[in-house]
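Notes follow the structure.
The values are calculated or read from the model by the stated rules, or taken from the named source; none is laboratory data. Keep in mind that this is a model prediction, so the values were computed, not measured. Here Cβ is always computed from backbone atoms with ideal geometry, including for glycine, and neighbour counts include all displayed protein chains.
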Amino acid sequence: MLIAYCQFAYSQNTITLQSAIDRALKNNLTVKNEMLNAEYQKKLKAAAVDIPQTNFTGEYGQINSFFKDTKFGIGQSISFPTVYAKQKSLQNESYKTSVLNITVKEAELKKQVSEVFYSLIFLHQKATILLQNDSVYATFLEKANLRFTKGESNILEKATAETQRGQISIQLKQVQQDIEILQLQFQLLLNSTTVFIPSVENPKMNFTASLDTSLFSKHPSIQVLQQQKKYSIINTQLEKSKLLPNLNLGYSNQSIQGNGADNMFYNKSSRFSAVQFGVGVPLFFGSQKAKINSAKTLELISENNFQIGLQTIKVEYEIAFKKYETQLLTVKYFEETALQNANIITKTTNQQYANGDINYSEWSMLINSAISIQSNYTDAVNDLNQTIIQLNFLINK
């Protein structure tokens, strides 16, 4: 079992955390979609000045007199220039929001990759511990079978050893299944068909504590909320600008057959032109006023969302930091005391059992205690790593 597991591990490609993050940022489809959305918003900036369609008109008939005349006209209606300026500013803010959303997805992706990366390391460590313990019980089972054959022990010792090894085998299969599931998640995040095995010099992450509250305002999610505040303010300004009058321009050209005011006769080949200028005044502005008031409400909502986001990230950091302090003390206890005691327990127990000072039940209880210490240390390191990943995410590190 140990040989098969080692062959599996070394047959795969190893990857560091930074390389995994770089690969994910380059290939992940979620991030690519956010980039495409930013490109979409960038192209929409050219559509901010949306001038209505130009009207072309033509007339034929007895327009001016008994004679049949022709008339051609062109007309254009435009909003007040301030409206277009505000629309352009609003679309520009929308583009900035989409760019910031990319950084949000990248930060979330870094966190997800780090979580899966160190979870895989944790499970590989669990598998290693189980394989080592399987080796211990396999050796003991071999001796127990020999002692049973010679009549030096009863069936209880042999059956107990077999049961212990069987339980380890079941746990190992479960761990290997968990590794396979996480490996698929890892490939999905990296958008790769290659199976990568995480590789680190130290399975325990390091963290430099920081109480700089300005770091929270630099978090991508907070910057998005701040950008939404700017967007809502400009949106209100846009709605207000729509109360300004529309401008109407026109030009017409027509024939006027017959005697003119100057007592001259004009035939149908004679053409007369005129220009038009008009102003559209919003007499019924109740609907637009309602839109302005609703836009002001959105300003208040965006301000509250910003404050909620800032408070939430501060509280989450404080909670995670308290967990970090407790978990760090736990890990230090294992490293400075418990692991050394586990080694002493294992070594002394094996010697005493070999000398006949303790029986199998006592040996099994003490060995399981040492194994439990090793396993609990691995759990403690994994909990610490996951908390550090959360802290790094909150300060966008």
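How many residues are part of a loop (DSSP other than H, G, I, E, B) and either closer than 19 Å to Pro81 by Cα or touching a residue at least 12 places away in the same chain (Cβ under 8 Å) (or both) if we restrict to the range 280-298?
Of the residues in the range 280-298, 3 are part of a loop (DSSP other than H, G, I, E, B) and either closer than 19 Å to Pro81 by Cα or touching a residue at least 12 places away in the same chain (Cβ under 8 Å) (or both).
Going residue by residue through the range 346-359, is there one that turns out to be assigned to a helix (DSSP H, G or I), among the aromatic types (Phe, Trp, Tyr) and more than 29 Å from Pro203 (Cα to Cα)?
Yes.
Name the residues in the range 82-140 that are more than 30 Å from Asn396 (Cα to Cα) and of a type in the set (Gly, Ala, Ser), would you?
Ala85, Ala127, Ser135, Ala138
Considering the range 325-339 alone, what residues qualify as being surrounded by 14 or more Cβ atoms within 10 Å (Cβ to Cβ) and without any contact (Cβ under 8 Å) to a residue 60 or more places away in the chain?
Across the range 325-339, the qualifying residues are Leu328, Thr330, Phe334, Glu335, Ala338, Leu339.
Return a yes/no flag: does the range 299-306 have any residue that is assigned to a helix (DSSP H, G or I) and out of contact with any helix residue (DSSP H, G or I) (no Cβ under 9 Å at 6 or more places or on another chain).
yes
Filter the range 208-258 for residues that are in contact (Cβ under 8 Å) with a residue 60 or more places away in the chain, more than 19 Å from Gln311 (Cα to Cα) and of a type in the set (D, E, K, R); which is surrounded by the most Cβ atoms within 10 Å (Cβ to Cβ)?
The qualifying residue surrounded by the most Cβ atoms within 10 Å (Cβ to Cβ) is Lys242.
Among the numbered conditions (1) more than 30 Å from Asn248 (Cα to Cα); (2) under 37 Å from the mean Cα position of the chain (by Cα); (3) not hydrophobic (A, V, I, L, M, F, W, C), tell me where Gln340 comes up short.
Of the numbered conditions (1) more than 30 Å from Asn248 (Cα to Cα); (2) under 37 Å from the mean Cα position of the chain (by Cα); (3) not hydrophobic (A, V, I, L, M, F, W, C), the odd one out for Gln340 is (2).
Look at the range 34-74 and say how many of its residues are polar (S, T, N, Q), touching a residue at least 60 places away in the same chain (Cβ under 8 Å) and in a helix (DSSP H, G or I).
1
So, in the range 297-312, how many residues would count as being within 17 Å of His219 (Cα to Cα), modelled with pLDDT of 95 or more and among the aliphatic types (A, V, I, L, M)?
Result for the range 297-312: 1.
Within the range 17-33, track down each residue that is out of contact with any strand residue (DSSP E or B) (no Cβ under 8 Å at 6 or more places or on another chain) and either of a type outside the set (S, T, N, Q) or not in a helix (DSSP H, G or I) (or both).
Ile21, Asp22, Ala24, Leu25, Lys26, Asn28, Leu29, Val31, Lys32
In the range 166-203, which residues are touching a residue at least 12 places away in the same chain (Cβ under 8 Å), of a type in the set (Gly, Ala, Ser) and either within 14 Å of His124 (Cα to Cα) or exposed (fewer than 15 other Cβ atoms within 10 Å of the Cβ) (or both)?
Answer for the range 166-203, where residues must be touching a residue at least 12 places away in the same chain (Cβ under 8 Å), of a type in the set (Gly, Ala, Ser) and either within 14 Å of His124 (Cα to Cα) or exposed (fewer than 15 other Cβ atoms within 10 Å of the Cβ) (or both): Ser169, Ser199.
Tally up the residues in the range 120-151 that are among the small types (Gly, Ala, Ser) and either touching a Ser or Thr at 6+ places or on another chain (Cβ under 8 Å) or modelled with pLDDT of 95 or more (or both), please.
So the answer is 1.
Is there a residue being at pLDDT 80 or above and either within 30 Å of Ile313 (Cβ to Cβ) or among the aliphatic types (A, V, I, L, M) (or both) anywhere in the range 155-169?
Taking every residue of the range 155-169 in turn, at least one turns out to be at pLDDT 80 or above and either within 30 Å of Ile313 (Cβ to Cβ) or among the aliphatic types (A, V, I, L, M) (or both).
Give me the residue from the range 98-132 that is in contact with a strand residue (DSSP E or B) (Cβ under 8 Å, 6 or more places away or on another chain) and either free of Cβ contacts under 8 Å to residues at least 60 places away in the same chain or of a type outside the set (A, V, I, L, M, F, W, C) (or both) and, out of that set, farthest from Gly166 (Cα to Cα).
Among residues in the range 98-132 that are in contact with a strand residue (DSSP E or B) (Cβ under 8 Å, 6 or more places away or on another chain) and either free of Cβ contacts under 8 Å to residues at least 60 places away in the same chain or of a type outside the set (A, V, I, L, M, F, W, C) (or both), the one farthest from Gly166 (Cα to Cα) is Tyr118.
Checking the conditions here, which among Phe321, Phe284 is aromatic (Phe, Trp, Tyr), crowded, with 16+ Cβ neighbours inside 10 Å and at pLDDT below 95?
Phe321
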